[in-house]
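Everything below concerns the one structure shown next.
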Amino acid sequence: MTVLLFYLTAALAVFATVVALTRANAAHALIYLILSLLAVAVMFFMLGAPFAAALEVLIYAGAIMVLFVFVIMMLNLGDAGEEQERGWLDARLWIVPGLLTTVLLVEMLLVFGESGVTTSGHSVSPKEVGISLYGPYVLAVELASMLLMAALVGAYHVARRFIDRPGDI
Amino acid sequence: MDGLLIPLEHVLLVAGILFACGLGGLMLRRNLLFMLMSLEVMLNSAALAFIAAGARWQEADGQVMFLLVLTVAAAEVAVGLGLVLQIQRRYRTLDMDAVTRLQE
Amino acid sequence: MTPSADFSLIMPVIVLGVGATAVMLQVAARRSPELTRFSTLLVLIAALASSVWIGSPEPGIGQAVTPLLQADDMARLFAALFCASAALCVMLSRDYLPGLSDQGDEYYLLLLLATLGAVVLAYASHVASLLLGLELMSVALYALIAYPSRVAPAAEAATKYLVLSGGASATLLFGFALLYAATGSLAFPEIGAGLQSATLGSAVTAIATVLVITGVCFKLSAAPFHLWTPDVYEGSPAPVTAFLATVAKAAPFVALIRFLFDAQLFDLPGVVEVLGVLAVLSMLVGNLLALLQRNVKRMLAYSSIAHIGYALIIFTVAADPVNRALAGEAAVFYLVAYVPTTIAAFGLLALVNPGGEGQDHAEVQDLSGLFWRDPMLAILMLVALLSLAGIPLTAGFIGKFYLFAAAVSGSHWVLLAALVLGSAIGIYYYLRVIFQMSQKPAEHELTWTMDGGMRAVALLLTVAILGLGIVPQALMEYIRGMF
Amino acid sequence: MNLALAAIPGLPMLSATLLILFGRQIPRSLGAVLGAGSVGLSAVLVAGQLLAYLDTPTVVTATLWTWMSVADFSAAIAFHIDGLTVVMMSVITGVGFLIHVYSVEFMWEDESFSRYFAYMNLFVGSMLLLVMADNLLLLFLGWEGVGMCSYLLVGFWYKNPANGAAARKAFVVTRVGDALMALGLFVLFTDLGTLDIQPLLLAANLNWEVGGTVPVLATALLLGGAVGKSAQLPLHTWLPDAMAGPTPVSALIHAATMVTAGVYLVARLHGLFLLAPATLTAVAWVGLATLLLAASAALVQQDIKRILAYSTISQIGYMFLALGVGAFSFGIFHLMTHAFFKALLFLGAGAVSHCLHHELNIFRMGGLRTRLPVVFLSFLIGSAALAALPFTAGFYSKDGILLSAFTAPGIGPWLWAGGLLGALLTSIYSFRLLFVAFFGEAQTEPDRKPGLPMAIPLLILCALSLLGGLISQPLDGVLPDAGHPQVPHLIEWISIGVPLLGVAYAYYAYIVRRPSSSPAEAGGDSPVEGFLFAGWRVDALYNLLLVTPYRTLARWCQGEPIDHFYNGVVSLNRLCHRGLAALQTGELRWYATTFVIGLIAVVAIVLRSAP
């Protein structure tokens, strides 16, 4: 029963993702994307990674998506933008990406046979993750903080608003 | 609650499909915002694959990698959204088909 | 499990990390581009010194510092190289940045962080460190490329780089995740060891490996993943382009060497073929695209594609365990020769700054008469171009000869033919620039400022390129100890 | 020891680097000191080597550093100093130093003074590298280096397009030889596995049969290189045109040193050539043919430098003849004496044109004997030595060559007779030059006299041209030789007498029956003279045989509407370039699409080769 639930969640995740990426309205797309991320979080939980599931909800579906919301609000594209977006999603534009994606999927299906290997069925607790993080991975934690610093400084500079001048190019 | 016994290939396939969706979005969408969303989907699919592998070996490493992928996604998106604002300001559009001052 | 590692072995990483934090605090306390530049240079020089003086316990073998980093001679060599190159980029930025209306503080901080990422890549022997090094470098570079915030093409270049590079990173991660699923390990040597007992079949591991290769080769801008390169190089501020073309290429290459050599993935079906195809395509496509290109930045971008193609040869050679050591040596030497040469070429473009505000649109024609107007600069450019073309007595020649010898000893004739053909086309466009430099001065003249300090740097680079071409043996022997 | 050796080519090269880098800031006087002084210091160091070698003839091999060793291939920067090297080094630095001193005055007014000395120094350094090299790779480096310097110096006055054309011709023609030589080196390396000269000779002696295919092929290719560099038939046509450079350049490069590099190469590798008798015979015939052709061409030239140029070709022909009959040490001996008297003649010619408003036509000179006495003395001694009159330096060397030729088995008398004919022609044209330019009535008045920096090198070279024949070269044990050839006395007397006959004829033709007016510009009235004037019309022949068909073919290809091979390759490249460039649309979506296409292709490759 619960196994069936897993496949249902997976289907939901894929469906929500496809819908999200084909919306004309950015805010709607975002809602679907959050749905997809929540579904993935449920899958994490089912696979025995409760810590990751929590983080997926908190950071991915929470913090990162909120960033998107902020930007969409700042841009304030409105209905005109949505009309335009619908125009860009013309059927002809679908052909090449659709074809290529299908080919990629077929290639992947060819590779993934059934080897009988399953997930372990055991949960890896947050405690174990924490020990691992501050044990062998301690340098990774430090480097991740450096990465966030680079992102912080970079985003701060890039997004800063300057008063436009006539000489701009 | 303990995890489920699910064929590893199935989980990886779900991750693969999500990955392909992300790539498809990257090719399909002209709007930079959607491109960034596609990117998030792709990174998320890699994270799912890591979690699945971690569940298969019953190790914490998979979740640690997930955490790092999360950090990467956050960093990418922070700078990326900054660039969205910049592009909108300079080009008055987010249509990446029109943002082609640099070309042959 | 608490690691009891000797952290002094990764001193450059620590110096750069602590240094970056310190520089950030300094910027928070007092914003002054001059001061920031000075402290950045100080940190880079300290890191350079620490990589030179603090050796690995046993030369050649190295030692793991936590599972993430492997401290050995190769890592030290490249850490030193990256720090020195970054210091050169800082020097080049000194005269370049004042032309922008952006303050320079964050610029230097970001450059420091990008260098940290590159140095981590030089040490990376684990998926986590590879990922973090790569992303640290890339994220810092996105912001550096878009640094001139009043220049639209800069934002465009950064956006293109970010989106595609993000896609490549995701591809690479997906590959690593598959490898982890198959082998149960994330450290490179253990991935190789786990291959024997892999449960997912060799097709999956092979696909996983080529996904990783694809991700890295995107960063290397190997054909057919090269299309972003000229646009991004053209749109970036020239000193950042210099960094992009050198450090940001050599670092992923080193990581790729470590990954493939440590994990011994050559026996997987198709992996060697893929690398061979990428090498041949890059050599031909890069050179052909550069052939008639007028914009010097774009031309050098294409030429860098070709150079990565040359270097990629070694993975095919390394498929045969007999030639693996030779292939590794060739690759390391080639990269060490490539970096100063390319910095020199792009450095000139950073000095020649026609429009200000990051508008360095230099055409080949604009270099007319450089020989007569500034012989010293012209000689630097000449030496750099000759080295890129692989003319004897330059570093580039020895590097190419090494590759040639490696390919010959493995009898890879197709690769050799592409190497020779590509080099032949290459000579044409390099000579075109040299010819242009010896022509009459152009009508609308480029202006540049070059004080004593810059001249000393230029001289140093010239000496380095020629020195590596004339007395390469010491470096060769040092490198030989690595494999 | 190593340092002193390295300094010999190193000093001129260092000076060249300084002059190139800081040429504009350096005042002329300092430039002169740097330029001439560095070569002078080298000469002093060489003198030290020479004395040491004369004292105890020991062969020195010094490895400065290993350039690189990759896989099985290894190349070292190493010097090999034996008698031959010492002789060559002495000639290069000694004569080179004199010419540098001379140039200080000669080039003083030129605007590119420091550029001139930079090139000259670079040349001396490369030439020294060539003769000191222990392996053929380093030798080839020097070989290419001197070629490049020659190109730069022939076209030194680059503003005149004719000079540029001459430089290009020199470059292209010698390039043909260089390509052959590179092939020769490749054959040697693939067959014997090394390019170090001494191990190479040993290996050749062990592995090669006398007269085998590989020895003949390899030496023939090397001969090609030697022929190109030393301006022998059929690659001699560049040398007369190379006179476009400043005269001291002609003296140093196109007479005394570089053009003898081919002679040096054959002598250095004589061990290989002895294993290929067929090639050695070819060397002799090439030498003979060249010396006759060039001597006859020199008979009718009017430009003083062209006379000397043809004379140089002819004299190098003698050296080749000597090598070809196995008289290696006489070949080197003639190389040395020729360096003395030919440098003297060229410098004298330079002095004439320097003092005579750049006049070069001998028929517009005349009467210079009284007006430029130092130059007259130079020409008198130089011409006597060139004509091999008894007791001059040229006599000892050329006599040795002729007599050695006579003793060559089989073809000896023929070679001797040809050489003798050449000697007759030589004495006629050299004294024709002397009599026409220095006797009779003055056509042009000199506006100045050579100063000390020009006069002193001339006088020193005069002394060397007179007494150089007495020098005994320390070549024992380096080159195989049978000592002085034993021939009938009659032959000896004829060999001595014939040049005197030539002088007598020249006296009769140009003093007694002095032509009333200078002959027509285009050279001679009779067709024979015209033929000779144009150097047997070899240039015209090449134009007819090679250049014209090439051009016609090119034109035909241009006109051909269907397919032209030449442009085909270029068009293909351009087409590829356009095709690839068209992909660079700047559209991010398209870039992402190519990424996915690449990904799919890469995965497909794996799937194809997966089991």
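Looking at the stretch B:73-98, which of its residues are assigned to a helix (DSSP H, G or I) and more than 7 Å from chain A (Cβ to nearest Cβ)?
Listed by number, the residues that qualify are B:Glu76, B:Gly80, B:Ile87, B:Arg89, B:Arg90, B:Tyr91.
D:Met258 versus (1) open to solvent by less than 10 Å² (accessible area, probe 1.4 Å); (2) without any contact (Cβ under 8 Å) to a residue 24 or more places away in the chain: which is the lone unmet condition?
Here D:Met258 clears every test but (2).
Sort out for me the helices (runs of 4 or more DSSP H) sitting completely within the stretch C:264-354 that have 2 or more residues that are free of Cβ contacts under 8 Å to residues at least 12 places away in the same chain.
Once the helices (runs of 4 or more DSSP H) in the stretch C:264-354 are filtered for at least 2 residues that are free of Cβ contacts under 8 Å to residues at least 12 places away in the same chain, what remains is C:271-291.
Mind checking whether some residue in the stretch C:151-170 is among the β-branched types (Val, Ile, Thr), at the interface with chain A (Cβ under 9 Å from one of its Cβ atoms) and either under 16 Å from C:Pro252 (Cβ atoms) or part of a helix (DSSP H, G or I) (or both)?
no
What about B:Leu68, is it within 7 Å of another protein chain (Cβ to nearest Cβ) and of a type outside the set (Asp, Glu)?
Considered against the rule, which asks whether it is within 7 Å of another protein chain (Cβ to nearest Cβ) and of a type outside the set (Asp, Glu), B:Leu68 comes out as yes.
Under 7 Å between Cβ atoms, at least 6 apart or on separate chains: pull out the pairs that start in the stretch D:141-167 with a residue that is among the aromatic types (Phe, Trp, Tyr) and end on any residue that is open to solvent by 70 Å² or more (accessible area, probe 1.4 Å).
Pairs that qualify, where the first residue is among the aromatic types (Phe, Trp, Tyr) and the partner is open to solvent by 70 Å² or more (accessible area, probe 1.4 Å), are D:Tyr151/D:Phe171.
With respect to A:Leu100, is the statement that it is under 30 Å from C:Val204 (Cβ atoms), facing chain B (nearest Cβ under 7 Å) and in contact (Cβ under 8 Å) with a residue 24 or more places away in the chain true?
It is false that A:Leu100 is under 30 Å from C:Val204 (Cβ atoms), facing chain B (nearest Cβ under 7 Å) and in contact (Cβ under 8 Å) with a residue 24 or more places away in the chain.
Name, by its number, the condition in (1) open to solvent by 10 Å² or more (accessible area, probe 1.4 Å); (2) within 30 Å of D:Leu479 (Cβ to Cβ) that does not hold for D:Arg364.
(2)
Filter the stretch D:598-611 down to the residues that are at the interface with another protein chain (Cβ under 7 Å from one of its Cβ atoms) and under 17 Å from C:Ala222 (Cα atoms) and list them by number.
Once the filter is applied, which keeps residues that are at the interface with another protein chain (Cβ under 7 Å from one of its Cβ atoms) and under 17 Å from C:Ala222 (Cα atoms), the stretch D:598-611 yields D:Gly598, D:Leu599, D:Ile600, D:Val602, D:Val603, D:Ile605.
Can you tell me which of C:Arg298, C:Arg324, C:Arg373 is over 18 Å from C:Leu415 (Cβ atoms) and either of a type in the set (A, V, I, L, M, F, W, C) or open to solvent by 10 Å² or more (accessible area, probe 1.4 Å) (or both)?
The conditions single out C:Arg373.
If only one of C:Ala122, C:Ala49 is under 14 Å from C:Leu9 (Cβ atoms), of a type in the set (A, V, I, L, M, F, W, C) and outside any strand (DSSP E or B), which one is it?
Being under 14 Å from C:Leu9 (Cβ atoms), of a type in the set (A, V, I, L, M, F, W, C) and outside any strand (DSSP E or B) holds for just one of C:Ala122, C:Ala49, which is C:Ala122.
State the number of residues belonging to the stretch D:431-482 that are surrounded by 15 or more Cβ atoms within 10 Å (Cβ to Cβ), among the polar types (S, T, N, Q) and either under 28 Å from the mean Cα position of the chain (by Cα) or not in a loop (DSSP other than H, G, I, E, B) (or both).
The total comes to 2.
Those residues that are among the hydrophobic types (A, V, I, L, M, F, W, C), open to solvent by 10 Å² or more (accessible area, probe 1.4 Å) and at pLDDT 90 or above, I need them from the stretch C:188-215; list them, please.
Residues satisfying the conditions are C:Ile207, C:Leu211.
Please work out which residue is least open to solvent (accessible area, probe 1.4 Å), limiting yourself to the stretch A:62-87 and to residues that are within 18 Å of the chain's Cα centre (by Cα) and more than 10 Å from chain B (Cβ to nearest Cβ).
Filtering the stretch A:62-87 for residues that are within 18 Å of the chain's Cα centre (by Cα) and more than 10 Å from chain B (Cβ to nearest Cβ), the one least open to solvent (accessible area, probe 1.4 Å) comes out as A:Gly62.
Take the conditions at pLDDT below 95 and buried (at least 24 other Cβ atoms within 10 Å of the Cβ) and apply them to B:Ala98. Does it pass?
no
Would it be correct to say that C:Tyr142 is touching a residue at least 24 places away in the same chain (Cβ under 8 Å), crowded, with 24+ Cβ neighbours inside 10 Å and among the hydroxyl-bearing types (Ser, Thr, Tyr)?
Taking the combined requirement at face value, the residue does not satisfy it.
Give the residues of the stretch A:55-83 that are within 22 Å of B:Leu68 (Cβ to Cβ) and touching a residue at least 12 places away in the same chain (Cβ under 8 Å), sorted by residue number.
A:Glu56, A:Val57, A:Tyr60, A:Ala61, A:Met65, A:Phe68
Regarding C:Gly167, is this residue out of contact with any Ser or Thr (no Cβ under 7 Å at 6 or more places or on another chain), closer than 22 Å to B:Val72 by Cα and either surrounded by fewer than 24 Cβ atoms within 10 Å (Cβ to Cβ) or not aliphatic (A, V, I, L, M) (or both)?
The answer is yes for C:Gly167.
Take the residues in the stretch B:64-94 that are of a type outside the set (A, V, I, L, M, F, W, C) and open to solvent by less than 10 Å² (accessible area, probe 1.4 Å), then tell me which one is modelled with the lowest pLDDT.
Among those residues, the one meeting the criterion is B:Gln86.
Any residue that is loosely packed, with under 15 Cβ neighbours inside 10 Å, among the charged types (D, E, K, R), over 30 Å from C:Leu68 (Cβ atoms) and within 14 Å of chain C (Cβ to nearest Cβ) - is there at least one of those in the stretch A:124-145?
Within the stretch A:124-145, not a single residue is loosely packed, with under 15 Cβ neighbours inside 10 Å, among the charged types (D, E, K, R), over 30 Å from C:Leu68 (Cβ atoms) and within 14 Å of chain C (Cβ to nearest Cβ).
Any residue at all in the stretch C:53-66 that's of a type in the set (Ser, Thr, Tyr) and closer than 18 Å to B:Leu68 by Cβ?
The answer is yes; a qualifying residue exists.
For the stretch A:21-36: of the residues being within 14 Å of A:Ala61 (Cβ to Cβ) and not hydrophobic (A, V, I, L, M, F, W, C), which is nearest to the other protein chains (Cβ to nearest Cβ)?
The residue in question is A:Ser36.
Of all residues in the stretch B:32-56, how many are facing chain A (nearest Cβ under 7 Å), open to solvent by less than 10 Å² (accessible area, probe 1.4 Å) and more than 9 Å from the chain's Cα centre (by Cα)?
So the answer is 7.
The values are calculated or read from the model by the stated rules, or taken from the named source; none is laboratory data. Small disclaimer: the values here were computed from a predicted structure and weren't measured. Every residue, glycine among them, receives a Cβ derived from its backbone with ideal geometry; neighbour counts consider all protein chains shown. Areas reflect the complete protein model, heavy atoms only, side chains present, ligands, DNA and RNA absent. Shrake-Rupley method; radii C 1.70, N 1.55, O 1.52, S 1.80 Å.
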